[in-house]
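Novice: Before I ask anything, here is the structure I am working with.
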Amino acid sequence: MTTLSAMKTRIAQETRRKAYADVGAVYAQAIDDAINSSIFAYSDERFHFNERRDVTFPTVALQEFYDSDDLAAIGNLIKIDYMKLTVGNTTFELTPDYPSDIESASTNATATGQPSWYLYYGRQIRLYPIPAEVWTVRIAGLFKYAAPATDGEANNFWMTDAERLIRSRAKYELALHVLRDVELAQTMSAATTEALEQLRRWTNKLTQHGNGRVRPMYF
């Protein structure tokens, strides 16, 4: 398993042929920044490790809007694949709607009951009708996956499954912005593209249904 510390050491060796501890504070910081920039560059890309369906929050009676103050994960939301509402032992699918339509329907915030529609706008989830009781909402979709909190954190997917992608992109960032090495930048650009395509193929294999063929619709 690879950690952030191991990645830093390897990048230092592959770009300056020195151990991370020996490259000096300025270049060590440049490596840190390059890794962070690389993770940010792919933070909104769909991979198998940043899809979640375990995000839930309780509605609050007469509360229409929900944001990161209600559930921290809402602040990391990139794309909603579906939302479900559980009432007792029954689960209902919430239907996405347009902001203007719910804005018109929810005039004066008087329509309360069991929500049937939702939207995500202004970094908030809005439910309509406004919940009349406490129910459970489940969000399934794409969420930002956090970078390692420490150099020694284990099992962080950016450092394991996506290690080659982040390491290659970090060396590209260094070559372009710090080392001013055109040849290295071109080499690492190609390596990054290859690593990204490899990770996308891996994701597709893990998440596609059956043999991946298009299924005809019935009319």
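Novice: Between Gln186, Gln208, Gln13, find the one with the highest GNM mean-square fluctuation for the chain; connect C-alpha pairs within less than 10 Å.
Specialist: Top of the fluctuation ranking is Gln208.
Novice: Express the C-alpha Rg of region 14-64 as a ratio against the empirical globular expectation 2.2 N^0.38 Å, rounded to two decimals.
Specialist: Dividing the Cα Rg of region 14-64 by 2.2 N^0.38 Å gives 2.04.
Novice: Which of the lysines could a cross-linker span from Lys144 if the Cα-Cα distance has to be under 18 Å and same-chain partners fewer than 8 positions apart are dropped?
Specialist: Lys79
Novice: When the accessible area of region 1-156 is computed with all protein chains present and a 1.4 Å probe, what percentage of it is carbon and sulfur?
Specialist: 48 percent
Novice: If you don't mind, another one. Going by alpha carbons, how many degrees (0 to 90, nearest 10) lie between the helix axis of 25-41 and the longest principal axis of the chain?
Specialist: On a 0 to 90 degree scale, this one is about 40.
Novice: Here's a follow-up. Return the calculated 222 nm mean residue ellipticity for the chain, to the nearest 500 deg cm²/dmol, obtained by summing -39500 (n - 2.57) across DSSP H runs with n ≥ 4 and dividing by the residue count.
Specialist: -11000 deg cm²/dmol
Novice: Could you tell me how many degrees, from 0 to 90 and to the nearest 10, lie between the Cα long axis of helix 163-174 and the main elongation axis, the longest principal axis, of the Cα atoms of the chain?
Specialist: Helix 163-174 sits at roughly 60 degrees to that axis.
Novice: Select from Gly152, Thr91, Ala162 the residue farthest towards the positive end of the dipole of the chain; place +1 on Cβ of Lys and Arg, -1 on Cβ of Asp and Glu, and compute about the Cα centre.
Specialist: Ala162
Novice: If you average 1/r across every pair of different Cα atoms in the chain and take the reciprocal, what Kirkwood value do you get, in Å? Walk me through the numbers on the way to the answer.
Specialist: Numbers: mean 1/r = 0.0494 Å⁻¹.
For the chain, inverting the mean 1/r across all distinct Cα pairs yields 20.3 Å.
Novice: Would you mind getting the accessible area per residue of region 106-201, heavy atoms of the protein chains only, 1.4 Å probe, in Å²?
Specialist: Accessible area per residue: 50 Å².
Novice: Rank these residues by their accessible area, most exposed first, probe 1.4 Å: Asp44, Asp97, Asp81. Mind dumping the intermediate values first?
Specialist: On the way: Asp44 100, Asp97 50, Asp81 70 Å².
Output order, biggest surface exposure first: Asp44, Asp81, Asp97.
Novice: Which aspartates and glutamates have a Cα less than 19 Å from the Cα of Lys171, not counting those fewer than 8 places away in the same chain?
Specialist: The qualifying aspartates and glutamates are Glu14, Asp22, Asp32, Asp33, Asp151, Asp161, Glu163, Asp181, Glu183, Glu194, Glu197.
Novice: Output the 0 to 90 degree angle, nearest 10, between the alpha-carbon long axis of helix 4-16 and the longest principal axis computed from the alpha carbons of the chain.
Specialist: 40 degrees
Novice: Would you please give the FRET efficiency between Gln114 and Asp81, computed as 1/(1 + (r/R0)^6) with r the Cβ-Cβ distance and R0 = 22 Å, to the nearest 0.05? Working shown, then result.
Specialist: Numbers: r = 22 Å, r/R0 = 0.98.
E between Gln114 and Asp81, to the nearest 0.05, is 0.55.
The values are calculated or read from the model by the stated rules, or taken from the named source; none is laboratory data. Computed from a prediction, not measured in an experiment: that's the story for all the values here. Cβ: placed from backbone, ideal geometry, glycine included. Neighbour counts: every protein chain shown. Remember, those area values only see protein heavy atoms, side chains included, never the ligands or the DNA or RNA. Shrake-Rupley method; radii C 1.70, N 1.55, O 1.52, S 1.80 Å.
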